[in-house]
Amino acid sequence: MTIKEALIMGRQYLRVQQNPSANLDAQVLLSHVTGIDRTGLIIRDDQALTAAQLQHYQELLERRAQGEPVAYLIGRKEFMGMDFIVTPDVLIPRPETEVLVETALQFFHNNTDYPTLVIDVGTGSGAIAISLAALVEGLQVYAIDISEAALGVAMQNAQRMGVKERVHFQLGNLLEPVLTKLEEKVSIITANLPYVPSGDIPSLMKDVRDFEPYLALDGGPDGLDLYRLLLPQAYSLLRLGGLLILEIGPGQGQGAQKILPPEQWQSKVVKDLAGRERLVVAVRC
Ligand SMILES: C[S@@+](CC[C@H](N)C(=O)[O-])C[C@H]1O[C@@H](n2cnc3c(N)ncnc32)[C@H](O)[C@@H]1O
């Protein structure tokens, strides 16, 4: 079978399974199997696949048809222009989360004399912590997660991106591992902790609900349980004027602002590129 025939076959197979991105998924999977990039697949579309490549491609198509996300099938996801390793132990980094990284970058751009110490809590693949370390010279980042398996993936990513000396991984609950060590020393705390309301989990897309780690999703009855617990810890760690950046879901902005005591925090809601509420950014008073 040629590349062209394999692409047509893959696209049709995934379309029958109601996959809305059948064409793209078939291309990405075939590119992974052959080691030829997507442009190359078009240029060399009359090249024949080996029997092993065809078998591997068919296996991946079947798994994709069952809802397994492409990122887990190929073990990679791009975030902030960098190529992250992902496994089912970590949430797949989302493009919406890039607005969180950009907000932190803007803060350092506007406050050049500020000490560059960041904590990323619920680091997962390390997408936020590692991209900040890669993009801000000299930045020191503490990256915390309650999942040992997730930290293992994040450490591999730090090594790949060449920032492992500046990203310090800690296993633990919320900010507990650094509470006594970094009091009032931190410039920014970033948190993309689980924020999906428990009652919404059954109605999430199958790809997310059945394949991504539950520990990365469930945020309690209104989705804000972990943020409630995080706030007093974050307050004691941040410097005066430091930033707490929380990722939230659409419709959670007002609720999230309400849990921030106004005598301690000045907050605003930031939307993502699709115009949906995505962050609460709070300055520590
Ligand atoms: C929504 S994922 C975000 C992953 C990553 N920061 C990103 O943006 O792609 C949430 C992460 O928080 C971690 N987590 C859940 N509860 C936690 C807790 N109590 N303390 C620390 N991390 C926690 C999960 O293991 C998961 O890796």
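Throughout, read-outs are computed from the coordinates displayed, never taken from laboratory work. Model, not experiment: these values are computed from the prediction. Methodologically, a virtual Cβ is constructed for each residue, glycine included, from the backbone with ideal geometry; neighbour enumeration extends over all protein chains shown.
General observations
- Computed over the chain with a Gaussian network model linking Cα atoms closer than 10 Å, the most mobile of N192, N110, N173 is N110.
- What you get for the stretch 35-101, charging only the Cβ of Lys and Arg (+1) and of Asp and Glu (-1), is a dipole of about 20 debye around the Cα centre.
- Backbone geometry of the stretch 119-130 corresponds, through the Karplus equation with coefficients 6.51, -1.76 and 1.60 at θ = phi - 60°, to 3J(HN,Hα) couplings of 10, 10, 9, x, 6, x, 5, x, 3, 6, 4, 6 Hz, x marking Gly and Pro.
- Residue among S147, T87, Y195 farthest towards the positive dipole end of the stretch 76-284, charges placed on Cβ: Y195
- Environment charge at P250 (Cβ cut-off 14 Å; Lys +1, Arg +1, Asp -1, Glu -1): -2
- With both residues required to sit in the stretch 76-284, DSSP beta bridges show an antiparallel share near 45%.
- The distance from the alpha carbon centre of the stretch 173-224 to that of the stretch 86-125 is 14 Å, rounded to a whole number.
- Summarised in one figure, the compactness ratio Rg/Rh of the chain, Cα atoms and Kirkwood Rh, is 1.03.
- Annotation note: trypsin sites (Lys or Arg not before Pro) in the stretch 169-209 located in DSSP loop regions with a Cβ neighbour count of at most 11 within 10 Å are K181.
- Summed side-chain charge close to Q140 - residues other than Q140 whose Cβ falls under 13 Å, Lys, Arg +1, Asp, Glu -1: +1
- Charged neighbours of Y13, selected by a Cβ distance under 13 Å, balance to 0 (K, R count +1; D, E count -1).
- With 0.36 nm allotted per residue and the present C-alpha distance subtracted, the I36-N110 stretch has 22.5 nm of extension available.
- The chain, dipole about Cα centre (Lys/Arg Cβ +1, Asp/Glu Cβ -1), debye to the nearest 20: 300 debye
- Nonlocal Lys pairs with alpha-carbon distance under 24 Å, the chain (8 or more apart, or different chains): 8
- In sequence order, calculated HN-Hα J values of the stretch 188-199 (Karplus, 6.51, -1.76, 1.60; Hz; x Gly/Pro): 9, 10, 9, 9, 10, 8, x, 10, 7, x, 3, x
- Among Q257, Q18, Q233: highest mean-square fluctuation, GNM of the chain, C-alpha pairs under 10 Å: Q18
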